[in-house]
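Scroll down for the structure; my scribbles are underneath it.
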Amino acid sequence: MTRFLARRLAWFAITLFVVVTISFFLMRAVRGGPFDGERRLDAAVELNIKARYHLDWPPWRQFLHYVGPFNLDEHRAEFLGGDGGRVFGGVLVGDLGPSFRYRDFTVNDIIAQSLPISVLLGLVALMWALSLGISAGIASALRRGSGLDVAIRLLATGGIVLPNFVIATFLVLVFVFMLGLLPVAGWGTLKHMLLPGLALGAPFAAYIARLTRTGMLEVLSQDYIRTAHAKGLPARLVILRHALKGGLLPVISYLGPATAGILTGSLVIERIFYIPGTGSHFVNSALNRDYTLSMGVTILYTVLVYGLNTVVDFAYTLLDPRIKLEEE
Amino acid sequence: MSAAPDPLVRWSIGAADAERLLAEAAKVRGESLWSDAWRRLRRNRVAWWCLLFLAAFTLTSVLAPLLPIPSPVQIELNALLLPPAPPWQEFGGRGFTTEAFWDLGAVDRGMLGLRQWIFGDWQTGHWLGTDAKGRDVLARVIWGSRTSILVALAAALCSLLIGVTYGATSGYLGGRADNLMMRIVDVLYSVPFIFVVIFLITIVNEYRRTLQDYYGINREVVFYVVIGAIYWLTMARVVRGQVLSLKNSEFIEAARVIGASTRRIIFLHLVPNVLSIVIVYLTLTIPAVMLFEAFLSFLGLGIEPPKVSWGLLAVDGVEAVSPLYVQWWLVFFPAAAMGGTLLALNFLGDGLRDALDPRLRGKD
């Protein structure tokens with residue numbers, strides 16, 4: 001188990017290094033910077049801006065400064081020849097640098113403001129996906145071949161084949177314009193979270209429903225379920241206590257990819273519903289050429305996705321003793 | 001010790017017998033995997049109709065310049081946001097021009113010329129309505145399918161080439177090389193690719209002039225390559241797993257015992273078996289790529305106007321929905337076209353899996 005985690009950590013370090021290095025040098029290689037506006041800047045102003053973001057340094061120094069763990073500007077450690085005001089800095093100590101566009105903010109400020117919103121949205125979406133998906137999957141497995149089963153499967157396929165912004169539009173049409181139940185956009189109260197969460201979670205709910213259905217069908221045909229029925233347990237208990245345990249295993253292994261998908265899917269949903277989350281910041285930063293911000297968000301999401309996948313793999317082995325970590 | 005009868009002598013057969021046996025064997029026609037699969041697929045009603053639907057759809061999109069539909073980019077200021085008018089209300093009229101088209105290839109221009117020769121300037125009415133600039137929705141959906149299908153096929157081809165080569169090599173080499181190659185795939189897997197792709201596309205945008213003028217590479221080509229470069233990962237894993245399981249199976253051993261060369265084993269025994277899974281996986285990759293194109297178009301990083309794609313159309317449709325008026329046809333028809341195609345691809349994928357799965361062979 002320790003070996004598994006250690007190996008995961010080592011590969012994580014390599015992954016992160018690759019992502020940081022490639023995106024850093026791509027970013028520096030780009031000819032036009034965020035400061036090339038319509039008007040040409042005054043030479044002195046340009047020099048000042050370049051000095052402010054250390055763009056006048058040689059690339060290797062910029063890179064080391066960005067990666068860390070040691071700060072390399074004038075406040076660097078005394079043994080590096082600075083005044084020792086700020087010894088550490090860079091990605092390795094969680095400092096993602098200043099934003100190129102929002103001059104008064106660091107990337108960390110922006111992420112600290114927006115990440116809780118995205119996480120909350122993601123959690124709401126995951127909740128929707130799990131509750132809708134699992135209940136629909138169970139219902140469809142228990143009433144196999146009935147009209148309900150067909151309807152659920154059709155809906156689930158629809159959820160998989162339509163882009164989530166189209167699903168969001170249909171949801172807005174029904175719940176906002178036709179029924180008038182929920183607000184159309186914005187953020188703040190629970191009411192604001194329901195619709196974006198549902199739109200974001202819908203494709204995953206559809207997939208989870210399919211997985212649950214297949215898993216349940218397989219489990220329900222097994223001997224121990226027949227035994228449970230035969231010894232007189234109420235059907236509800238058999239399903240909830242015996243069948244669900246095995247039937248949900250595929251869903252658990254899907255949770256890692258699903259969470260990653262929900263995180264990335266929120267790029268679109270946040271834009272539709274005007275939610276000030278990390279996703280919308282990322283898209284804006286890419287369009288604004290705010291390279292430090294988009295790089296920071298990319299790094300953050302790499303960490304999140306990798307961490308979540310490891311946790312899910314780990315949880316999976318706890319739930320299903322037949323799977324061994326070392327054999328992966 | 002009495003001499004045992006020589007087995008070779010005991011079992012030997014005359015030359016005439018051998019020839020007769022060989023001739024008999026030659027008469028028996030083995031059933032190939034593909035003809036078997038084809039028969040099976042034809043028997044699967046849903047998958048068969050999906051295949052026909054997809055074939056018809058692809059044909060329509062390829063022949064789009066020949067169809068007497070309006071130009072997808074012709075702006076008509078006196079026909080803004082018309083609701084759908086079915087053919088029996090307004091069958092068609094004159095007014096087709098080729099002025100507003102973007103730079104088409106030679107073949108497309110030829111087909112447009114042929115279309116003008118056949119139909120003149122006659123065009124169908126706005127059967128599916130018009131959008132906010134008076135452009136015909138039917139024409140846009142059909143022309144949009146060209147881009148979407150092209151993106152999907154190009155990316156699928158990319159993923160096919162890279163994935164199969166990589167996976168088969170990794171699986172066949174085994175050992176250390178396999179381990180290293182698969183670890184690289186794992187690393188790439190854990191990168192949130194949408195972020196990287198968006199990052200890459202913004203950077204490519206900076207250089208678009210240079211790329212376009214000096215190398216003739218436009219944004220779409222970059223787009224295809226980038227998408228293909230993502231989707232090969234799963235393909236490589238799938239192929240490798242299959243090759244690993246087949247490498248030591250009996251029929252490969254049997255082939256080796258008979259004396260088949262390594263190349264023959266790979267190309268006549270391993271590849272066909274891997275291919276079935278690859279095809280099934282391709283039918284699942286194409287929908288994913290189409291959705292990804294829509295996703296990027298939504299963010300303004302995909303196909304650019306004046307070209308059309310389903311993603312762009314869906315985005316236009318989404319923007320047309322507001323509390324004041326609901327132009328449902330702008331979102332419904334592109335979504336229906338996309339949803340229908342992806343649905344058909346999904347069903348076809350399921351059908352193909354059933355048809356091609358060797359374990360089901362010979363059973364019904």
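Quick one: residue B:302 ticks every box in (1) crowded, with 21+ Cβ neighbours inside 10 Å; (2) more than 7 Å from chain A (Cβ to nearest Cβ); (3) modelled with pLDDT under 85; (4) part of a helix (DSSP H, G or I) bar one, so which box is it?
All conditions are met except number (4).
Take the residues of the range A:287-302 that are in contact (Cβ under 8 Å) with a residue 60 or more places away in the chain and closer than 15 Å to residue A:122 by Cβ: which is surrounded by the fewest Cβ atoms within 10 Å (Cβ to Cβ)?
In this case the residue turns out to be A:300.
Which residue out of A:247, A:277 is more than 9 Å from chain B (Cβ to nearest Cβ), in contact with a Leu (Cβ under 7 Å, 6 or more places away or on another chain) and either within 30 Å of residue A:20 (Cα to Cα) or of a type outside the set (S, T, N, Q) (or both)? Show your work before the answer.
Working: A:247 fails: in contact with a Leu (Cβ under 7 Å, 6 or more places away or on another chain).
On inspection, the qualifying residue turns out to be A:277.
Can you tell me which condition residue A:284 does not meet? The list is (1) more than 14 Å from chain B (Cβ to nearest Cβ); (2) surrounded by fewer than 16 Cβ atoms within 10 Å (Cβ to Cβ), and all the others hold.
Single failed check for residue A:284: (1).
Which one is farthest from residue B:344 (Cα to Cα) among residues in the range A:140-161 that are modelled with pLDDT under 85 and in contact with a Phe, Trp or Tyr (Cβ under 9 Å, 6 or more places away or on another chain)?
The selected residue is A:159.
Considering the range B:220-260 alone, what residues qualify as being among the small types (Gly, Ala, Ser) and more than 19 Å from residue B:186 (Cβ to Cβ)?
Within the range B:220-260, the subset among the small types (Gly, Ala, Ser) is B:228-229, B:236, B:241, B:245, B:249, B:254-255, B:259-260.
Across the range B:220-260, the qualifying residues are B:228, B:245, B:249, B:254, B:255, B:259, B:260.
With the structure loaded, tell me whether residue A:17 is aromatic (Phe, Trp, Tyr) and modelled with pLDDT under 80 or whether it fails that test. Before you say what the answer is, go through the steps one by one.
Details: aromatic (Phe, Trp, Tyr): yes; modelled with pLDDT under 80: no.
So residue A:17 fails the test.
Restricted to the range B:170-201, and to residues that are more than 14 Å from chain A (Cβ to nearest Cβ) and surrounded by 20 or more Cβ atoms within 10 Å (Cβ to Cβ), which residue is nearest to residue A:26 (Cα to Cα)?
Among those that are more than 14 Å from chain A (Cβ to nearest Cβ) and surrounded by 20 or more Cβ atoms within 10 Å (Cβ to Cβ), it is B:170.
Which condition number does residue B:337 fail, the rest of (1) within 14 Å of chain A (Cβ to nearest Cβ); (2) surrounded by fewer than 16 Cβ atoms within 10 Å (Cβ to Cβ); (3) modelled with pLDDT of 85 or more being met?
So the condition that residue B:337 fails would be (2).
Residues being exposed (fewer than 13 other Cβ atoms within 10 Å of the Cβ) and within 13 Å of residue B:355 (Cα to Cα): count how many of those fall in the range B:44-63.
Going through the range B:44-63 one residue at a time, the tally reaches 2.
So, in the range A:114-173, exactly how many residues are within 14 Å of chain B (Cβ to nearest Cβ) and of a type in the set (Phe, Trp, Tyr)?
The qualifying residues number 2.
With a cut-off of at least 2 residues that are at pLDDT below 85 and closer than 26 Å to residue B:150 by Cα, name the helices (runs of 4 or more DSSP H) lying wholly within the range B:1-66.
Details: elements: B:7-11, B:15-27, B:33-43, B:45-62.
It comes to B:33-43.
Mind checking which pairs have a first residue in the range B:156-170 that is more than 10 Å from residue B:236 (Cα to Cα) and a second that is crowded, with 20+ Cβ neighbours inside 10 Å and of a type in the set (A, V, I, L, M), Cβ under 6 Å, 6 or more apart or different chains?
Listed pairs, sorted by first residue: B:156/B:282; B:156/B:286.
The values are calculated or read from the model by the stated rules, or taken from the named source; none is laboratory data. Keep in mind it's a predicted model, so treat the numbers as computed, not measured. Counting neighbours? That spans all protein chains shown, and the Cβs are built from the backbone with ideal geometry, glycine included.
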